[in-house]
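> Dumping the structure here so I can ask a few things about it.
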Amino acid sequence: MANSVPECYHCGLPVPASAEFPVKIEGISHGMCCRGCQAVAQAIVENGLQAYYRHRTALPKSALGLIPDELQKLDVYNHPGIQQSFVIAPSEHLRQATLILEGITCAACVWLNERHLQQLPGVKEVLVNYSNHRARITWDERETQLSHILREIQLLGYRAHPYNAQQQEDLRKKERSADLRRIAVASLSAMQVMSLAVALYGGEYSGIEHGMAMLMRYVSLIMTLPVILYAALPFYKSAWRALSSRRMNMDVPVTLAIASAFGASTWSTLRGEGAIYFDAVTMFSLFLLTTRFLERGARAKSTEAVENLLKLAPVMATRVIDGQHQVVAVLELVQNDIVLVKPGETIAADGVVVEGESSTDESLLTGESRPVSKEIGAAVIAGSMNLEGPLFVKVTGIGENTVLAGIVRLLDRAQAEKPRIAQMADRVAAHFTYGLLLTTAIISFAWWWIDPSRAFGIAISVLVVTCPCALSLAAPAAFAAAGSRLLKRGVLLTRGHALETLAQVTQVVFDKTGTLTYGKPLLQKTMVLGDLPEARCLAIAASLEQASEHPLAASFLAAVDRTELLAVEQAQNMPGKGVSGSIDGQRYFLGNRHLLANADSSLMLAAAERGASVVWLGDDSRLLAAFVLSDELRPEALDAIAQLKQAGLGVMILSGDGQAAVRYAAERLGVKDYCWEQRPEDKLQRLHDMQRQGAVVAMVGDGLNDAPILAGSQVSLAMGSGTEVAHASSDIILLSQNLSDVWHALETGRASISVMRQNFAWAIGYNLLAVPFAALGYVPPWLAALGMSVSSLVVVANALRLRQA
């Protein structure tokens, strides 16, 4: 029986017996008929589109059909259903995608992607986070499509795909394994080559046969080849991408040093005379690979808090339909779905409790370690954990439309927006690379005239020792570490300039209501004026307020158990006065002095002096009780103000409240500079007056009605609950809603700028010290490689101190 001819797995044509072009698809190796099919199949696999082979109904009939439409134009990513998990719509026509970029090796890669994509029609904003390689791209769907943007990224030599926390973790593990393999190859080669180099150096002094020396040279050449052909490949790729885009990055001098040293050493070996630098090539590659591996690990630690947030959201949820429980993927949920969250489970989506009572742990989101109670009508946040009883939650937000995703977007924006000091460092590093190449050329020519035999080795040393890795890492490493430190305390940076500006603040301005106070009146005292007991008076008052939307109504309802509420008939709301209704046949009134004419004005005056309000309860003929309510100061406000004053900062209160309430709060807090009855435009004018006098102002407000002054201050901090954070426009959001963190943020800003300056001083000082010694021939190439690696590690280690502070 004749053997059947194998068919090409891609197009179905016969596979020639003389050659087979294999591609591994879903773990199984399949033969292709030609290199074209092999390339297309490999591209399909690399783009994660293996499902094409499972679901296709016909084989391609022409060369044009060899590439499936999903890959040919990446149109699959334009489908709204596909975009649901990683694209949001900030406005009607704007779209914003969260992507992962593969191939990012340095700050120059980030610059190249941002600059190129921002030049495309329709692309409004591109922010690439160097610490985690996550990109946020905003475009107008009327002018361009996501598939076109992805194709442009691929043309640059990078690969982009939708962000997925698990996929990013898999990619990180893959990169880590590849890095370790390259380090292992470089280590083995370096050990062998260095052993031979020691023998060759020693032989020059003690004498060695020419044949033996040549043998050692050739063995060194062969042992260096794995480094040149495999371990150092990332340097070549990065340098090529930079040169292709007519830009210089730090891998250009690295590649130049490796290639020139290896080329010259190979030429000397073939000629049988002259110096060889195989030991320098292998050691330099090993040190640089190890340094970058450690840097990547340090960056991962510095952004650990952000990555922990991303891992909070589960991938599965229990959806309830007609009483039936279905376990489904979170991406399948839609708004208004009902999901069951059992005790100990993580909440899968933003929503509102429709049944059940429990408490949730929101510590990783807000920094608040105490459980937050939840009952019917309460909002819950995706990523928080249900602690006690089962909750039935109506979904209001999923995927990129959750509070959790909003927090991560703000963090990415903050880390992508570099402070001025970091922008300056990038400009210096770019010019520094050109200066380095020019300096190396001048030193080479000088030594060519002095001693040609040493010129090349000294040029390699200068090229290696001055690699600007440390300078490029100085700011990003410190900024990422500081952001992680603040996030652990529930302080969210949303703007890149915030840290730098915090270090310069001289004046802190507070709003009162909702900032220094809770913004919610609380019942402080109940005074019985008739023959009814206090509990009965409070129950009547709360019952009358059941249907009211006045802010004071919540204070009464919070003071009693809902089971104690009474049935109210003929309820009536009287705007500007209060409420009334009949309970058990008796008519009751609850309101201010305009509703109950016989109210005691002296009691009202005394309460007003303390910034409190008085609400009266009475029936048709008499007063029954008086309730004193006030907006209480936050318990940590006094200590927070004291910390700021002790640090020499000016403190001021600008409030729209009345004079008595503002004066009472200011006196309790020890603040002498305060203003009352301030409209938004009045606050803004006060702010500009302070700025004209040279003050650097930090404004602390509630993030809602303080928008003008928050925008006008040099740096703004908003008290933001989880439900407000995604829409906040301030530079910093206090998720913890703890005023003590205002000083903590200021202190971290000062510390981070100090660390950045230390890093810059070290990087510049190291180069100023190392270049003369290398130029004079006192630093051999292998020692130059070690010094360059150590300088980068010092910068990263110094930045990581911020996480421990």
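The values are calculated or read from the model by the stated rules, or taken from the named source; none is laboratory data. Source: prediction; values computed, not measured. Cβ placement follows ideal geometry from the backbone for every residue including glycine, while neighbour counts extend to all protein chains displayed. Just the protein is used for accessible areas: all its heavy atoms, side chains included, with ligands, DNA and RNA removed. Shrake-Rupley method; radii C 1.70, N 1.55, O 1.52, S 1.80 Å.
> If I compute solvent accessible area with a 1.4 Å probe over the protein chains, what percent of it on region 316-415 is carbon and sulfur?
Carbon with sulfur: 51 percent of the solvent-accessible area.
> Residue 159 versus residue 532, label points 7 Å from Cα toward the beta carbon: distance in nm?
Label-label distance for residue 159 and residue 532, simple model: 7.4 nm.
> Got a sec to turn the phi values of region 22-30 into Karplus ³J(HN,Hα) couplings, 6.51 cos²θ - 1.76 cosθ + 1.60 with θ = phi - 60°, whole Hz, x for Gly and Pro?
Per-residue couplings from phi come out as x, 9, 8, 10, 6, x, 10, 7, 10 Hz.
> Moving on to the next point. Taking amide H positions as placed 1.01 Å from N in the peptide plane, with prolines and chain starts having none, which residues 5 or more places from residue 100, or on another chain, fall under 5 Å of its amide H?
Distant-sequence amide H within range of residue 100: 135, 161, 163.
> Translational diffusion coefficient of region 725-791 at 4 °C, 1.567 mPa s, Stokes-Einstein with Kirkwood Rh over Cα pairs, in µm²/s as a whole number.
Taking Rh from Cα pairs, D becomes 83 µm²/s.
> Rg (Å, one decimal) plus Dmax (Å, integer) for the alpha carbons of region 316-415?
In Å, with Rg to one decimal and Dmax whole: 13.2, 45.
> To continue, here is another question. Determine the alpha carbon to alpha carbon distance for each of 24/174; 374/488; 645/683; 24/237; 374/577; 577/672 and list only those over 26 Å.
374/577; 577/672
> Once the Cβ-Cβ distance between residue 141 and residue 119 is put in as r, and R0 is 22 Å, what FRET efficiency do you end up with, to the nearest 0.05?
0.75
> Just to verify a number: what accessible area does residue 636 come out at with the full protein assembly present, 1.4 Å probe, Å² rounded to tens?
For residue 636, solvent-accessible area is about 30 Å².
> What residues have an amide H closer than 5 Å to that of residue 546, excluding those fewer than 5 places away on the same chain, when H is modeled at 1.01 Å from N in the peptide plane?
none
> Compute the separation of the alpha-carbon centres of region 491-505 and region 686-702 and state it in Å as a whole number.
15 Å
> Another one. I need the phi-derived Karplus couplings for region 174-188: 6.51 cos²θ - 1.76 cosθ + 1.60, θ = phi - 60°, integer Hz, Gly and Pro marked x.
Those phi angles translate into 4, 5, 5, 5, 5, 4, 5, 5, 5, 5, 4, 4, 5, 5, 4 Hz.
> So, one more: Hey, can you find the accessible area per residue of region 316-415 for me, probe 1.4 Å, expressed in square angstrom?
The answer is 44 Å² per residue.
> Would you tell me the accessible area of residue 111, worked out with a 1.4 angstrom probe on the heavy atoms of the protein chains, in Å² to the nearest 10?
Rounded to the nearest 10, the figure is 80 Å².
> Rounded to the nearest 10 Å², what accessible area does residue 433 show when all protein chains are kept and the probe is 1.4 Å?
Its heavy atoms expose roughly 0 Å² to the probe.
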